[in-house]
Amino acid sequence: MAKVCVALSSLLLVACTKVGLGVANLPNAFSDTETTKDIAYGTEPWQTLDIYVPPHSSGQSLPVVVFFYGGSWKDGSKDMYPFVGEAFAKQGYITVIADYSKYPQVKFPTFVEDGAKAVAWTYRHIAEYQGDPKRLFIAGHSAGAHIGAMVVADKQYLQAEGLTPSIINAFAGLSGPYDFVPYEDDYKDMFGPPANYPNMQVTTFIDGKEPPMLLLWGADDTIVGKSNMDKLIAKIHAEQGSVESKIYQGVGHADMVSSLVWFLKSKAPILDDVTDFFQRYGANAEKVED
């Protein structure tokens, strides 16, 4: 099992094999979770999202999580992540997983703009799926955590959609690169020129009024440094905002999201920590029994 865990975690750094994904996403294929795929949230072909709705009584509205996956802003697909939708569904949340544009077809900030559009669509339409737009949360892993945090912190993105970050109850980021300076050529091209770097750093926009944040990081992460979390925490504290954090010993970068896979959940209590945090900020969700 240890070798399987390591292999799946490694695959989730960028992409998974069809076999690995099939195993990870097997429960969704046989569960009572209602999955609606490829809903357009914009006019571009990549602007689509999937919705995972757990079984619930008629007329009961549920809290909503918009989850952004990672992949270095270059790779990944919502089709890789039914296991995330299923994991949150088991906790009583409707989950929205959106695709977004990738480099090199686009550069920053297009993928963040896509993220804001997906959040705006969710806020305006999730009631049609019995979701409660007043209990809206954002979560993300790696590059997806960066996208989610930018939507939460930099007001311009939701303002472009006629909304403000006040529609978001709370944010949970898993190993997000919130404050770094690009040094590899592709990232320099993606986020540059250097004068533009502050605009892609979440810390630039923290004013203490953003929704509460939970920042999580694995001590064995060799992909995204702890300094990203530390700098964001320091800025939020300086602005008297609300932030909590947790470090998991023995957990690497990909483990942070692969821990949501049904047979890897014991790796770290990440799902419980995220949903407990959301509960404290208004989710009030009841667990769905297996």
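Lys231 meets the conditions (1) surrounded by 24 or more Cβ atoms within 10 Å (Cβ to Cβ); (2) farther than 23 Å from Lys78 by Cβ; (3) not polar (S, T, N, Q) in every case but one. The failed one is (1).
What single numbered condition from (1) surrounded by 21 or more Cβ atoms within 10 Å (Cβ to Cβ); (2) acidic (Asp, Glu); (3) without any contact (Cβ under 8 Å) to a residue 24 or more places away in the chain fails to hold for Asp255? Of everything listed in (1) surrounded by 21 or more Cβ atoms within 10 Å (Cβ to Cβ); (2) acidic (Asp, Glu); (3) without any contact (Cβ under 8 Å) to a residue 24 or more places away in the chain, Asp255 misses just condition (3). In segment 133-168, the qualifying residues are those that are open to solvent by 30 Å² or more (accessible area, probe 1.4 Å) and part of a strand (DSSP E or B), and the one that is farthest from Tyr281 (Cα to Cα) is Pro133. Annotation note: Cβ proximity below 8 Å between a residue of segment 93-121 that is modelled with pLDDT under 95 and a residue that is among the hydroxyl-bearing types (Ser, Thr, Tyr) (sequence gap 6+ or interchain) occurs for no pair. Every test in (1) touching a Ser or Thr at 6+ places or on another chain (Cβ under 9 Å); (2) crowded, with 17+ Cβ neighbours inside 10 Å; (3) over 23 Å from Lys107 (Cα atoms); (4) at pLDDT 95 or above is passed by Leu264 save one, and that test is (4). Listed by first and then second residue, the pairs with beta-carbon distance under 6 Å, at least 6 apart or on different chains, first residue in segment 170-198 and open to solvent by less than 10 Å² (accessible area, probe 1.4 Å), second among the hydroxyl-bearing types (Ser, Thr, Tyr), are Ala170/Tyr281; Ser175/Ser142; Met190/Tyr103. Consider segment 238-261 and keep the residues that are in a loop (DSSP other than H, G, I, E, B) and under 22 Å from Lys90 (Cα atoms). The one that is modelled with the highest pLDDT is Ala254.
The values are calculated or read from the model by the stated rules, or taken from the named source; none is laboratory data. Just so it is clear, the model here is predicted, and its values are computed rather than measured. Backbone-built Cβ (ideal geometry, glycine too); neighbour counts: all protein chains shown. Surface areas here come from the heavy atoms of the whole protein model, side chains and all, with no ligands, DNA or RNA. Shrake-Rupley method; radii C 1.70, N 1.55, O 1.52, S 1.80 Å.
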